[in-house]
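The values are calculated or read from the model by the stated rules, or taken from the named source; none is laboratory data. Bear in mind that the values here come from a model prediction, so they are computed numbers and not experimental data. Methodologically, a virtual Cβ is constructed for each residue, glycine included, from the backbone with ideal geometry; neighbour enumeration extends over all protein chains shown. Ligands, DNA and RNA are stripped out before the accessible areas are found, and what is left, the full protein with its side chains, is counted by its heavy atoms. Shrake-Rupley method; radii C 1.70, N 1.55, O 1.52, S 1.80 Å.
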Amino acid sequence: GYGLVGPAQTDMASFGSGRGRGGSNRTVRPPSKQTHTSSTSQPRLQVCRNFASSGNCHHGERCNFSHVVKLHASIEVSDKNKDAKSSFNRGYGGNSKIKDNHKVTSVAVWETNGVIKLFTGSHDGKWRLWNTAPTVGLGGDGGTLTKEFEHFVGGPVDTVHVASHYFFCGFEASPTEAPDAKAGMVHSWNLNAAQDPPMELWMSPMAKYAGSGRIRSLWTTSDGHVWSGGSDGVIREWTFNPRGGPGGKPGFDLVRNMNGHLGAVTGLALMKQVLWSGGMDGTVRLWNVESGDQAHLIPAVKKDTVGNGALAVGHSGPVTGLLPFEVPSDQSTYVFSSSLDETVKVWNATNGECVASEKHGQGVTAIALTSDLKGNPLLLCGLFYGDIMVRGTVSNPPLCLLLKLSHNFLGVGHAVGPVNDIQAGPGNTFYAVADDGKLTVWQIAGDF
């Protein structure tokens, strides 16, 4: 079990919403109507290596570098990969980096009884539960995390997700009815009754899996709806049913399939009554939640049509993530998208127009929202070579580059990318996982 106290709950009244949702109470000016685009620029702040790596700098306030972010912990959270081979990755001396551990694909934050706990999922076939109490908290600067539990699900884990007191895990495994085949599975554990077997998302009683391909993305709502994005290109909508599982136990019913993507659906985000989806085909698609019909398409563009300074509306590479954002001051709504085409784009969620686009010099593989100590919203961008960039959101200028966390410069972080997932937590913390098998725990310690 998880050492939790509290009654077992199977109602979905407090079912959490979103995936990697963030926000702030700070007034933010929306961008001007003219679309903003630029190439990679130098960050506004240069990070202090000593402070970032240890939380201390002997120069103090006299330091010429910025003391706004620090690393609390960096630990291996997956098993050694016996089949790992040396692979060239950007080591500026021409060095090869070896991926000794299985890649870590996903991290999810769970707040319980005032403690921050983390779920990680990796391609060693396990999800793990970590307690950050020794690391992040009152006086906490311990530099390690305590593993409370691990569970082998039978195949590579592609996504983990926490919604209130429910934990979801998407993974690949062989269904019992076809033991030599592979299918995408989604299991969900009630964390208030962790000893109970998980709920399973089934296409039907004779197809006891969530998709014919791996599950690459999940989105949940507070009323018990789940959308899953599969490598088979299908978005599936599920709804919680108190008696929908085997033997009349709680479970999920498949509501509909939403077809359109060519290849894996790698990002899902709900804004109002519109579900946004992005995929390996480079397209962003908008769906009417009520009917399940596709309402709008943002097509991909060919790579060779994107010239210097020319604004391409759509992405020219696979979409890796989507993130909804609402400006607190005027309730204007936006959706951020990230892509292997090296850009993050900002879309007006009302009309689907692209209002900003920024290059990063490398593929953008994960995005999340956090804030500085004053509540100013910040966009976290995990990158292909293991770096993390911190940007502004929609303030003028939009997507302003504030700082860059690079292992090559700081000596800490992810030496090997991609950064596969990044999630924000309470207390200005954020958490990243990458192909190097590591989980890094960071905290914003100042204002931007």
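Assorted remarks:
- Considering all C-alpha pairs of the range 190-300, those separated by over 24 Å amount to 26%.
- In this structure, the amide hydrogen of Arg214, modeled 1.01 Å from its nitrogen in the peptide plane, lies closer than 5 angstrom to those of Ser231, Asp232, counting only residues at least 5 positions away or on a different chain.
- Separation between Cα centres of the range 58-77 and the range 146-207, rounded to whole Å: 37
- Of the accessible area of the range 188-343, computed with a 1.4 Å probe over protein heavy atoms only, carbon and sulfur atoms account for 51 percent.
- Potential extension, His58-Ala178 segment - 0.36 nm per residue separation minus Cα distance: 37.0 nm
- Computed on the range 209-263, the Cα convex hull volume stands at 72 Å³ per residue.
- Kirkwood Rh in Å, taken over all unlike Cα pairs in the range 154-195: 11.2
- Per residue, the accessible area of the range 215-307 comes to 42 Å², computed with a 1.4 Å probe over protein heavy atoms only.
- Karplus-derived 3J(HN,Hα) values for the range 179-185, using 6.51 cos²θ - 1.76 cosθ + 1.60 with θ = phi - 60°, are x, 9, 9, 10, 9, x, 10 Hz; glycine and proline are entered as x.
- Solvent-accessible ranking of Arg256, Arg243, Arg216, Arg128, largest area first, probe 1.4 Å: Arg243, Arg216, Arg256, Arg128
- Scattering profile of the range 106-226 at q = 0.09, 0.12, 0.18, 0.22 Å⁻¹ [log10 I(q)/I(0), Debye over alpha-carbon scatterers]: -0.27, -0.47, -0.95, -1.29
- For the peptides 380-391, 179-190, residues were scored by their other Cβ atoms within 10 Å and the scores averaged per peptide; the highest-first order is 380-391, 179-190.
- Convex hull volume per residue for the range 390-435, taking Cα atoms only, in Å³: 99
- Surface per residue (accessible, 1.4 Å probe) for the range 325-448, Å²: 24
- Largest to smallest accessible area among Glu61, Glu237 [probe 1.4 Å]: Glu61, Glu237
- Contact order relative to length of the range 389-437, as percent, for alpha carbon pairs under 8 angstrom and 6 or more apart: 24
- The largest-to-smallest principal axis extents of the Cα set in the range 317-377 are 33, 31, 15 Å.
- Share of alpha-carbon pairs per 10 Å distance bin for the range 365-444, given as whole %: 20, 54, 24, 2
- Violating pairs (Cα-Cα greater than 26 angstrom) within the set Lys303/Lys345; Lys103/Lys182; Lys272/Lys345; Lys82/Lys147; Lys82/Lys182; Lys117/Lys208: Lys117/Lys208
- Residues in the range 348-354 carry Karplus couplings, in order, of 5, 6, 7, 10, x, 7, 7 Hz; the curve used is 6.51 cos²θ - 1.76 cosθ + 1.60 with θ = phi - 60°, and Gly or Pro positions show x.
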